[in-house]
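The values are calculated or read from the model by the stated rules, or taken from the named source; none is laboratory data. Just so we're clear, the structure is a prediction, and the values are computed from it rather than from any experiment. Quick reminder, even Gly has a Cβ in these numbers, built from the backbone with ideal geometry, and neighbours come from all protein chains shown. All accessible areas refer to the heavy atoms of the entire protein, side chains included, with ligands and DNA or RNA removed. Shrake-Rupley method; radii C 1.70, N 1.55, O 1.52, S 1.80 Å.
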Amino acid sequence: MSNIKLDITKAACFLEAGAVKAFEPKVKAAQQALEDGTCPGNDFLGWLHLPSSITPQFLDEVEATAKTLREKCEAIVVAGIGGSYLGARAVIEALGNSFAWLVQDGKSPVILFAGNNIGEDYLSEMTEYLKGKKFGVINISKSGTTTETALTFRLLKKQCEAQMGKAAAKEVIVAVTDAKKGAARTCADKEGYKSFIIPDNVGGRFSVLTPVGLLPIACAGFDIKQLVAGAQEMEKACGKDVPFEENIAAQYAAVRNGLYQAGKKIEIMVNYQPKLHYYSEWWKQLYGESEGKDKKGIFPASVDFTTDLHSMGQWIQDGERTIFETVISIEKPNRQLLFPSDEENLDGLNFLAGKRVDEVNKMAELGTRLAHVDGGVPNIRVSVPELNAYYLGQLIYFFEISCGISGNLLGVNPFNQPGVEAYKKNMFALLEKPGYEEETKAIKARLANEK
């Protein structure tokens with residue numbers, strides 16, 4: 001099978017001649033630092049050769065657990081936040097039917113996502129939906145104490161046990177957590193849940209090819225072996241010894257850092273396929289949490305075209321020239337739909353009669369690229385042969401390895417997220433959590449003074 005392709009010509013033309021090539025030694029050093037484990041955050045490099053380390057036996061175990069859940073459940077709730085759900089949701093939404101909740105085939109359970117917010121209405125509506133249903137839970141948390149996920153799991157555990165009985169609930173609750181420590185591990189061991197381990201050296205946003213992503217994806221009925229095979233192929237295609245001219249991850253890291261140095265501070269991920277909306281959300285976390293630190297980093301944004309051409313398109317075309325675009329282009333759709341002819345032709349669209357809808361979409365994509373480049377927006381194009389598990393695996397690893405290289409080029413630790421803790425400290429102080437007495441006193445005094 002062919003690989004995804006990268007076209008940087010419409011981005012490199014905004015830089016000085018030879019600027020991308022000039023990054024080659026820096027890129028090679030950045031990638032070598034990943035390989036040697038000499039970069040900041042080197043205790044979180046388990047994702048680097050994760051695809052090639054995954055065994056068929058391990059995938060068989062994941063698929064066996066998924067089969068049990070699929071047979072016993074009408075619905076499965078994936079409880080996790082950030083990297084503990086975005087990768088799984090990205091793949092499930094990309095490969096699934098856009099109207100899955102309306103066209104249930106009776107074979108696949110409904111996959112729900114929770115534990116990623118503290119919306120009372122959302123959680124209440126979810127528990128209402130699950131009433132009277134046989135449902136399972138995949139609780140994904142390294143610590144088991146992340147507020148959003150822990151709160152949700154407590155609700156779901158109690159409801160599952162109440163509706164199905166404790167013994168039956170034990171068969172459909174699975175923990176994906178730390179090997180030895182944390183509240184989720186303690187609970188899983190105490191209750192006797194089936195569990196999978198989140199490797200210590202793989203951070204959440206890089207964890208989609210661990211059980212964090214693989215188990216929910218398999219539960220949704222998709223081919224995790226093909227997903228992993230695609231990632232394995234991309235791992236080889238972007239290896240440290242692959243020449244710069246052939247290494248698309250190295251080129252992508254180079255051109256986006258070149259654009260950043262030239263004043264392009266915002267990268268917009270663009271897709272022309274609605275199924276990729278959550279892939280963009282996964283990508284935003286991957287790059288935002290990896291690069292946004294030390295008062296540095298490209299801001300990752302995303303748009304769904306052509307939808308957002310009728311809203312954000314104006315800003316992209318004519319707004320401040322601090323942006324560049326990375327476009328994911330799906331070459332071949334999985335279905336075929338032709339434009340019909342209409343006798344009255346009131347909408348004036350008979351000139352499209354007999355054409356595939358995708359042909360119109362592709363011309364919209366090409367026309368937009370031409371317009372945006374003319375408007376001063378550098379364009380990077382990532383071309384994907386078709387939307388399937390194999391190429392999604394390639395796409396996932398491509399952006400992961402590019403992110404590691406790019407973060408090292410930027411001079412930050414791509415694998416920590418110190419800023420994520422700031423809101424938690426304030427929230428716990430405001431909620432008067434035990435152990436936060438001094439913080440509670442300080443924050444209440446601050447709020448009183450602000451009135």
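Things worth noting here:
- Cross-chain or 6+ apart pairs with Cβ under 7 Å, region 196-207 first and at negative phi and in contact (Cβ under 8 Å) with a residue 12 or more places away in the chain, then in a strand (DSSP E or B) and buried (at least 24 other Cβ atoms within 10 Å of the Cβ): PHE196/VAL176; ILE198/VAL176; ILE198/THR177
- Among (1) open to solvent by 10 Å² or more (accessible area, probe 1.4 Å); (2) of a type in the set (D, E, K, R); (3) under 26 Å from GLY411 (Cβ atoms) - the single one ASP223 does not satisfy: (3)
- Any hit, region 65-74, residues being in a helix (DSSP H, G or I), under 24 Å from PHE399 (Cα atoms) and out of contact with any Ser or Thr (no Cβ under 6 Å at 6 or more places or on another chain): no
- Search result, residues across region 332-353 that are in a loop (DSSP other than H, G, I, E, B), within 25 Å of GLY96 (Cβ to Cβ) and open to solvent by 100 Å² or more (accessible area, probe 1.4 Å): ASN334, ARG335, GLN336, LEU337
- Residue within region 359-369 that is surrounded by 16 or more Cβ atoms within 10 Å (Cβ to Cβ), more than 24 Å from the chain's Cα centre (by Cα) and among the basic types (Lys, Arg) present: yes
- First in region 21-40 and more than 12 Å from GLY404 (Cα to Cα), second anywhere and modelled with pLDDT of 95 or more and assigned to a helix (DSSP H, G or I), Cβ under 7 Å, 6 or more apart: PHE23/ALA254; PHE23/ASN257; PHE23/GLY258; LYS26/LEU409
- Residue in region 291-314 that is touching a helix residue (DSSP H, G or I) at 6+ places or on another chain (Cβ under 6 Å) and assigned to a helix (DSSP H, G or I) present: yes
- Residue in region 72-94 that is surrounded by fewer than 14 Cβ atoms within 10 Å (Cβ to Cβ) and hydrophobic (A, V, I, L, M, F, W, C) present: no
- Each residue in region 34-54 was checked for being open to solvent by 20 Å² or more (accessible area, probe 1.4 Å) and in a helix (DSSP H, G or I), and 8 pass.
- Test: residue in region 398-409 that is out of contact with any helix residue (DSSP H, G or I) (no Cβ under 8 Å at 6 or more places or on another chain) and closer than 19 Å to SER2 by Cβ: no
- Members of region 244-274 that are open to solvent by 30 Å² or more (accessible area, probe 1.4 Å), out of contact with any Leu (no Cβ under 9 Å at 6 or more places or on another chain) and under 26 Å from LEU209 (Cβ atoms): GLU246, PRO274
- Search result, residues across region 1-25 that are open to solvent by 80 Å² or more (accessible area, probe 1.4 Å) and more than 27 Å from the chain's Cα centre (by Cα): CYS13, GLU16, ALA17, LYS21, PRO25
- In region 396-427, residue nearest to ALA229 (Cα to Cα) [restricted to those that are hydroxyl-bearing (Ser, Thr, Tyr) and open to solvent by less than 10 Å² (accessible area, probe 1.4 Å)]: TYR397
- Candidate set: region 317-331, residues that are touching a residue at least 12 places away in the same chain (Cβ under 8 Å) and part of a loop (DSSP other than H, G, I, E, B); chosen: the one nearest to the chain's Cα centre (by Cα): THR322
- In region 198-220, the residues that are in contact with a Lys or Arg (Cβ under 7 Å, 6 or more places away or on another chain) and either closer than 28 Å to ASP36 by Cβ or surrounded by fewer than 22 Cβ atoms within 10 Å (Cβ to Cβ) (or both): ILE198
- Filtered by the rule that a residue be free of Cβ contacts under 8 Å to residues at least 60 places away in the same chain, closer than 16 Å to ALA79 by Cβ and either of a type in the set (A, V, I, L, M) or touching a Cys at 6+ places or on another chain (Cβ under 7 Å) (or both), region 160-175 gives ALA169, ILE173, ALA175.
- Contact annotation: residue pairs with Cβ atoms under 6 Å, 6 or more positions apart or on different chains, pairing a residue in region 427-451 that is of a type in the set (Phe, Trp, Tyr) with a partner that is open to solvent by less than 80 Å² (accessible area, probe 1.4 Å) and in a helix (DSSP H, G or I), are TYR436/PHE428; TYR436/ALA429.
- Put simply, of VAL242, VAL270, VAL255, VAL228 the only residue that is of a type in the set (Val, Ile, Thr), touching a residue at least 40 places away in the same chain (Cβ under 8 Å) and more than 27 Å from GLY419 (Cβ to Cβ) is VAL228.
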